[in-house]
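Have a look at the structure below before the remarks.
The values are calculated or read from the model by the stated rules, or taken from the named source; none is laboratory data. Please read these numbers as outputs of a predicted model, since none were measured by experiment. So basically every Cβ, Gly included, is an ideal-geometry build from the backbone, and we count neighbours across all protein chains shown.
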Amino acid sequence: MKNLSVIFMGTPLFSVPILEALINNTNVIGVVTAPDAYVGRKKILTPCPVKQLALDNGIKVISPRRLREEYDEILELKPDIIITCAYGQIVPKEVLDAPRLGCINIHASLLPKYRGASPIQSAIMNGEKETGITLMYMAEGLDTGDIIKEEKVLIEDNDNLETLSNKLSLLGSEMIIKELPSIVNGTNDRIVQDDSLASYVGLIKREDEHLSFDDTSVNIYNKIRAFSPSPYVNFILDDNEYKLVEGSPIEIDIKDKDAIPGTIIWESRNSFIVKTKDEGLMVLKIKPVGKNVMNVGDFKNGYHDSLVGKVLK
């Protein structure tokens, strides 16, 4: 497939294994990705992971701020095919119609479930037991195009955003190379999505990171996993924000069942238990704003007070 000219569109680390596979197996003539962004406390202008990989391989990079208005450079390259994965902008019809083999998207869910921007976080938060990768022809709607291939991945109880993303990213890189011949030859089965089964998930917002203890222990644990290792969920203690890094559901004594959700009902040297809607959550690691992750024991050494009876909000 080295004679197949490809433009790849993607931005985050999740997209890197897919681009690597395409570089090794096709002729990647261009990469479309997000503009450089200011990163860290020192606000250093930094290229995204996909751009850095493209530059390392001498591939032309295009970084439009508004793809709907800035796509002439893409059309001028005249690719055989465009492949996208977690790019972050809507691809206009002019670009969708340009390649002779069309535009293919690699989406991290089993479509039509979890169309949209946050399928991996949503699958974990909702307690799904499996998810997967869908290869699809792109259409003007949001993840509405015909399905080329789907493959499933089990979601383990200890999977978090990072581990599940890694599994799905590697699966996507394998699938696209395996299915490219059928795309080029037009021999794949184009499966029309059943829109009646569709669900949509949006971008993760700052307010989505806040943790409510007026929920079940399992649901809270799932949310912790879905936001780990970044950006983490957060809670408020004594008007200060903390990120909850590590915790797990735990059954509590019947005497604590009537406690208000969010109340710390027990503590030891290295942990504390927070009352949830139904049971408890044992908290093991937290991260104060502007500081490193620490275990509860180190946090308590500087707190100089009992945590029992405190209410997390």
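What the table shows:
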read-out	value
The stretch 210-235 - residue that is surrounded by fewer than 16 Cβ atoms within 10 Å (Cβ to Cβ) and out of contact with any strand residue (DSSP E or B) (no Cβ under 9 Å at 6 or more places or on another chain) and, of those, modelled with the lowest pLDDT	Ser230
Enumeration of residues in the stretch 149-173 that are crowded, with 21+ Cβ neighbours inside 10 Å and either in the same structural domain as Ile224 (by TED's automatic domain parsing) or under 21 Å from Ile23 (Cβ atoms) (or both)	Leu168, Ser169, Gly172, Ser173
Residues that are more than 17 Å from Ile148 (Cβ to Cβ) and not in a loop (DSSP other than H, G, I, E, B), drawn from the stretch 87-108	Lys93, Glu94, Val95
Condition broken by Ile260, with the remaining ones in (1) exposed (fewer than 12 other Cβ atoms within 10 Å of the Cβ); (2) over 13 Å from Phe213 (Cα atoms) satisfied	(2)
Test set (1) in contact (Cβ under 8 Å) with a residue 40 or more places away in the chain; (2) touching a His at 6+ places or on another chain (Cβ under 9 Å) - Thr263 fails condition number	(2)
Wholly enclosed strands (runs of 3 or more DSSP E) of the stretch 222-288 bearing at least 1 residues under 28 Å from Leu203 (Cβ atoms) and more than 23 Å from the chain's Cα centre (by Cα)	233-237, 240-250, 280-288
Complete set of residues in the stretch 144-167 that are β-branched (Val, Ile, Thr) and touching a residue at least 40 places away in the same chain (Cβ under 8 Å)	Thr144, Ile147, Ile148
Per-region count, the stretch 28-86, residues of a type in the set (D, E, K, R), within 12 Å of Thr11 (Cα to Cα) and outside any helix (DSSP H, G or I)	1
Residue within the stretch 114-136 that is basic (Lys, Arg), under 17 Å from the mean Cα position of the chain (by Cα) and crowded, with 16+ Cβ neighbours inside 10 Å present	yes
Per-region count, the stretch 273-313, residues in contact with a helix residue (DSSP H, G or I) (Cβ under 8 Å, 6 or more places away or on another chain) and modelled with pLDDT under 95	2
